[in-house]
Amino acid sequence: MATTYENIVYDRVVAGVKSLLSTEFGTGAIIYAASSPRTKGPRRSIRIWPLETEFIARPAGALTSSYPVEVVSAIAPGGTQTVLDDYRRELASRAKRVLDNNSAYSTGGNYRWHGGTSNAMDQTDEGIRFIYTVLVTELL
């Protein structure tokens, strides 16, 4: 019998985070998955990128792993630094709230993740950054 394969990090985690944020922001910000920032495009953006997965446990017939995702809100230059920082914080805070409100997430009756948590936000050259980490238990 052939082994079935699902790319958990992209099919469940990245796609789920992107879907939640896209629904929340609509056309107000572009949500994209990439390891590095965009150099062109809309003024307001949120970049998501999966980080290193960690094995957590192997309950009977299943496998639980931790999937951290980097979330960075960016605003293209224009205006004063104070205004830019305020917009970045507002964008990041809203994204963080949406994700934290969906710590257990299923869509269309399909389980995506549970145990979602985010860490504190910090300032980077790109924008405001936080890590959102979810647990995924997949049946073997």
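The values are calculated or read from the model by the stated rules, or taken from the named source; none is laboratory data. None of the values given here were measured: they were computed from a predicted structure. Quick reminder, even Gly has a Cβ in these numbers, built from the backbone with ideal geometry, and neighbours come from all protein chains shown.
Numbers for the structure displayed
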quantity	calculated
Hits in the range 80-99 - residues which are touching a residue at least 60 places away in the same chain (Cβ under 8 Å) and of a type in the set (Lys, Arg)	Arg94
Residue in the range 31-61 that is surrounded by the most Cβ atoms within 10 Å (Cβ to Cβ), counting only those that are polar (S, T, N, Q) and farther than 30 Å from Leu139 by Cα	Ser45
Some residue of the range 4-13 being touching a residue at least 60 places away in the same chain (Cβ under 8 Å), in a loop (DSSP other than H, G, I, E, B) and either farther than 30 Å from Leu140 by Cα or in contact with a strand residue (DSSP E or B) (Cβ under 8 Å, 6 or more places away or on another chain) (or both)	yes
Unmet requirement for Ile31, which otherwise passes all of (1) without any contact (Cβ under 8 Å) to a residue 24 or more places away in the chain; (2) of a type outside the set (Asp, Glu); (3) part of a loop (DSSP other than H, G, I, E, B); (4) closer than 20 Å to Arg89 by Cβ	(3)
Strands (runs of 3 or more DSSP E) fully within the range 36-140 counting 2 or more residues that are at pLDDT 95 or above	44-50, 62-75, 110-118, 128-139
Candidate set: the range 99-140, residues that are exposed (fewer than 15 other Cβ atoms within 10 Å of the Cβ) and of a type in the set (Val, Ile, Thr); chosen: the one farthest from Glu6 (Cα to Cα)	Thr124
